[in-house]
Amino acid sequence: MKRRTVASKILAGLSLSVFSAFVGIAFAAPAVAQVAAASPANTTSYVILTQGKVAGKQIVQRLPGGKLKVEFTYRDNGRGPDLFEDVTVGPSGQIESFVATGKSTFGAPIDETFVRKAGRAEWKSKADKGEKVAPSALYVPVENSIELMAVSVRAMLAAPGRKLDALPSGRLAVEKLVEAPITSKSGKKGRVALYAVTGYGTSPSYIWLWADAAAKQRLFGLVYPSFSVSETGWENNVDELLKIQTTEDAKTLRKLADKLAHRGQGVGEVTVIRNVRWFDSENARFNGPDDVHVFRGRIAAIFPANSPLSAEAKVVDGSGKTLLPGLFDMHGHTSAWDSVLHIAGGVTTLRDMGNDNDYLNDLKSKVDAGLSVGPHIVAAGYIEGKSPYSSNGGFVIENVDGGKKAIDWYAQHGYRQIKLYNSIKPEWVKPIAEYAHQRGLRVSGHIPAFMRAEEAVRDGFDEIQHINQVFLNFLTKKDDDTRTLLRFYLVGDNANQIDLESPRVKDFVKLLVDKKTAIDPTMTAFEAMFLQRQGAPNPSFNMVSPNMPPAISRNWLTNSMDVTDKNAEPFRRSFEKLLAFMKQMYDAGIPILAGSDDIAGFTLHRELELYVMAGLTPAQALQIATWNGAKYAQTLERNGSITVGKDADLILVDGDPSANLSNVRKVMMTMKQGVMYYPAEVYEALGVKPFAGKPDVKVTKP
């Protein structure tokens, strides 16, 4: 449920626990603390836009002695963070003290402090606490505003080599990319500069500062598709700055693609994965060892192990390893840098369940052309109803006719599925679904507010996203508004009380079977949400945390949901009930689709582990992530299985995932239509410690 758009991923990279607009939650905005009165010359206001609409603000007040007071708050889809900071910046530009309070996106309290005295730094947050002798290292908060990133960038620009050690750990670097002229809405002129910061996460973070000398590198803003923060009165420049930033980002991604893609040297080149055990995804069983031959991007032949070669070939040693079809992540909201992570994790096809349409189509074109690294992208068309809780992505409609127009646009742009969202009115579902089916599109989504899953299925839903959306069928009352945090807390507090053997549950399962409704449960989204206490390891990512950049590992020690002594035990039992219900649906023959809805690659691996924890075999879990994925992404004719004639979308795993599914993380090679990527190289380029080495590859003559 932590649906993360481009914007939210960027903000998370800045150590801000912000989740995107499409989660479908909302809560009443708390009374917002006001920044103390100050003269306009000492206060700068910023406007936050989502999909071009005002969603919030950042106000920065500068006081004597290097002190800053910052208010950062916004609402998209009815929810967002409320963050208040008191900061002291020393003569060197370093943060000498920092206090952050407020509430996170899901309502958990924010309480973080940092102070440096006589070269000794001490910090405390909901994630951790510590101290270190660090006279010059740059503190990176768990939760922070965009202004804090600007402070950090200025400090790095003044440091030798434009680099600084980070606290609690890591190292940050900044590079100036380009300057651009801008004009305010009132006609004022100015110049801004784009900077790229590395070290926060697995991708560069971009920020714009004023380039005019008098502005002293003051923050101008941050721009991304569907999300921007810009100085008030200058927001008219956002679209043009985004074009410039996208061009610069594309240059970096193109260089990365050229470096990481291992392509054949000629039209006659053959690649052979030799002596390898391989997964028959249609029948959920393992075969071999055999030799799998790839020619011109397709699977050409499967011969007995160590068969003679008929021509010179690039031979990959598969001894002791396992060959799988490329994995399908059936619930993503991808970005260019997420797409790189997908390839490292063995995901060769990604179903995007809602994004900025222009951004996604551009990304798909670049990936298909080899200008950016990423999986095949299969897009679902996002449709939301207009309301105070609306998420501002895709098409936001006001009536059924608006829904039909959106469906026509998606159908004419090659989409094969739509996703309906929280504020769609229940009475719209049936006519919209009927029209989508007439146009050949499948219908999926969240269950609209004031509607239950069984009603949505009868009205035409072919698929439901998220296990909580399914389980709310047994919990909601007539007036329950599931556009709010209720959709989480109602499930966390009460799912444990539902009898899965009751007639109501069995009747609902039968309805899903009869209607052939698929379920995209995204179990991992609820594992940490319901089980993690503040400061404790994230159960979904604890096993990969040591390999990640420090800022990400630290951020995983927080939970935006407010898990307390009072609700921890019912939440735990409710998550167990959700796992049991997922297994019950699987056993009944209901198609399960493996989606992540969180950090690329790593979340899908954990999703499959949770299926095994629920009682599936590793082979059954892998079948869901391969055969089922291709079937419901409607690409089964070209991938999803290791079958002669299909595209060579394959991954080579170190070890035996049939004995231990966790071995699926040890991807040594990802092949997409015959192009080879070595995750060890990909992860290193992204600042992640690899989980496996590179395979032994040799050119062999017959």
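The values are calculated or read from the model by the stated rules, or taken from the named source; none is laboratory data. Remember, predicted model here, so these are calculated numbers, not experimental data. Because the Cβ atoms are built from the backbone with ideal geometry, glycine has one as well, and the counts that use them run over all protein chains shown.
Do we find that VAL142 is aliphatic (A, V, I, L, M), within 27 Å of GLU240 (Cβ to Cβ) and in contact (Cβ under 8 Å) with a residue 12 or more places away in the chain in this structure? Considered against the rule, which asks whether it is aliphatic (A, V, I, L, M), within 27 Å of GLU240 (Cβ to Cβ) and in contact (Cβ under 8 Å) with a residue 12 or more places away in the chain, VAL142 comes out as no.
Inclusion of ASN547 among residues that are surrounded by fewer than 22 Cβ atoms within 10 Å (Cβ to Cβ), within 21 Å of the chain's Cα centre (by Cα) and not assigned by TED's automatic domain parsing to the domain that holds GLU684 is warranted.
In segment 367-376, is there at least one residue being assigned to a loop (DSSP other than H, G, I, E, B), within 24 Å of GLY297 (Cβ to Cβ) and free of Cβ contacts under 8 Å to residues at least 12 places away in the same chain? Write out each step before concluding.
Within segment 367-376, the subset assigned to a loop (DSSP other than H, G, I, E, B) is 369-375.
Checking which are within 24 Å of GLY297 (Cβ to Cβ) leaves us with 369-375.
Those still in the list that are free of Cβ contacts under 8 Å to residues at least 12 places away in the same chain too: 369.
Yes, some residue in segment 367-376 is assigned to a loop (DSSP other than H, G, I, E, B), within 24 Å of GLY297 (Cβ to Cβ) and free of Cβ contacts under 8 Å to residues at least 12 places away in the same chain.
Evaluate the following for ALA261: is it surrounded by fewer than 17 Cβ atoms within 10 Å (Cβ to Cβ), over 30 Å from ASN42 (Cβ atoms) and of a type in the set (A, V, I, L, M, F, W, C)? Yes; evaluated as a whole, the condition is true for this residue. For segment 270-310, the strands (runs of 3 or more DSSP E) that sit wholly inside it and include 2 or more residues that are in contact with a Pro (Cβ under 9 Å, 6 or more places away or on another chain) and either aliphatic (A, V, I, L, M) or more than 16 Å from PRO618 (Cβ to Cβ) (or both) are 270-280, 285-295. Among the residues of segment 423-443, just one is within 22 Å of LEU360 (Cα to Cα) and either at pLDDT below 95 or in a helix (DSSP H, G or I) (or both), namely ALA436.
LEU363 - would you say it is in contact (Cβ under 8 Å) with a residue 12 or more places away in the chain and under 10 Å from THR334 (Cα atoms)?
yes
The set of residues in segment 84-94 that are surrounded by 22 or more Cβ atoms within 10 Å (Cβ to Cβ) and modelled with pLDDT under 95 contains only GLN94. Checking the structure you have, find out if any residue of segment 60-80 is outside any strand (DSSP E or B), loosely packed, with under 15 Cβ neighbours inside 10 Å and over 27 Å from the mean Cα position of the chain (by Cα). Looking through segment 60-80, at least one residue is outside any strand (DSSP E or B), loosely packed, with under 15 Cβ neighbours inside 10 Å and over 27 Å from the mean Cα position of the chain (by Cα).
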